[in-house]
Amino acid sequence: MKAMIFAAGRGERMRPLTDACPKPLLKVRGRPMITYHVLNLVRAGITDIVINHSHLGHMIEEELGDGSKYGARIVYSHEPTPLETAGGIANALHLLGDEPFLAVSGDIYAPYFDFSQVFDVVKDKDMVGVPYPFEKRDIAWLWLTPNPWHNPQGDFALDMYTLRNEGPEKFNFAGIGVYRPEMFDGITAGDFVKFGPLMRKFIDQGRVGGELYTGQWVNVGTVGQLEDLNAPLKAAKTGS
């Protein structure tokens, strides 16, 4: 399985830090956030990695190179202007291939997420080996988290392991998911396309699975959050 790391965002809320450094290269405990993902992906056996970038993208390439120092093979998908999540994936499909792939946001801090669990979530056959009809196969699988302070209403509900757009309790999308390439059919490379409406369409069709992740997870969106993560261990806030 290949992986894509999203690193094309401008990081407006993190200015002035992001005026001179792309957000995924901001450091938590001495290590760029994106490097945690690369190391954990390689640890799980996922070594083919695509990274999209835009703002100060050359700095990401200079930091990570071809990935060989981490045991990975990294290639880059440059976006002259950010294309949003779905647009960024569609723009990089020629690098991701024809099989389901993992995608993860480069500005989340989830140092203990076990990427080895992603291999078995999007399946073509049931438990006894009978192929699912094409229109019944999960087209994506998302990880959710308890709602952080910045998203108290959540994004999606869980009905066992099936996502719903509405429900009595919603959870936050963690920025980690596995997707089939055909989910992005009809999007032309270079198009600006948001993720939410596309995902909700397939959720309405009952074709998106998911589960709750309760380990450490922080969507690093403010300078204060970054400072908290870099505070002395006894004072650091570990919540999202």
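The values are calculated or read from the model by the stated rules, or taken from the named source; none is laboratory data. Computed from a predicted structure; not experimentally measured. Positions of Cβ are generated from backbone atoms using ideal geometry, with glycine treated the same way; all protein chains shown enter the neighbour counts. All accessible areas refer to the heavy atoms of the entire protein, side chains included, with ligands and DNA or RNA removed. Shrake-Rupley method; radii C 1.70, N 1.55, O 1.52, S 1.80 Å.
Listing for the model above:
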item	result
Residue satisfying all of: in region 197-235; acidic (Asp, Glu) and over 21 Å from Gly167 (Cβ atoms); surrounded by the fewest Cβ atoms within 10 Å (Cβ to Cβ) among these	Glu227
Qualifying residues in region 79-92 (those that are touching a helix residue (DSSP H, G or I) at 6+ places or on another chain (Cβ under 6 Å) and not hydroxyl-bearing (Ser, Thr, Tyr)) - the one surrounded by the most Cβ atoms within 10 Å (Cβ to Cβ)	Ile89
Unique residue being at pLDDT 95 or above and either among the hydroxyl-bearing types (Ser, Thr, Tyr) or more than 19 Å from the chain's Cα centre (by Cα) (or both) when the list is Arg137, Arg164	Arg164
In region 98-122, the residues that are in a loop (DSSP other than H, G, I, E, B), out of contact with any helix residue (DSSP H, G or I) (no Cβ under 8 Å at 6 or more places or on another chain) and surrounded by 14 or more Cβ atoms within 10 Å (Cβ to Cβ)	Val121, Val122
Enumerated helices (runs of 4 or more DSSP H) restricted to region 5-78, each holding at least 3 residues that are in contact (Cβ under 8 Å) with a residue 24 or more places away in the chain and crowded, with 18+ Cβ neighbours inside 10 Å	33-43, 57-64
Index of the failed condition, Ala8 passing every other in (1) modelled with pLDDT under 95; (2) under 30 Å from Lys123 (Cα atoms); (3) touching a Phe, Trp or Tyr at 6+ places or on another chain (Cβ under 8 Å)	(3)
Which numbered condition Trp143 misses (of (1) modelled with pLDDT of 90 or more; (2) part of a loop (DSSP other than H, G, I, E, B); (3) surrounded by 14 or more Cβ atoms within 10 Å (Cβ to Cβ))	(2)
Any pair with Cβ under 7 angstrom, 6 or more apart, that starts in region 187-216 at a residue that is within 25 Å of Ala110 (Cβ to Cβ) and ends at one that is open to solvent by 60 Å² or more (accessible area, probe 1.4 Å) and in a strand (DSSP E or B)	Ile203/Arg164
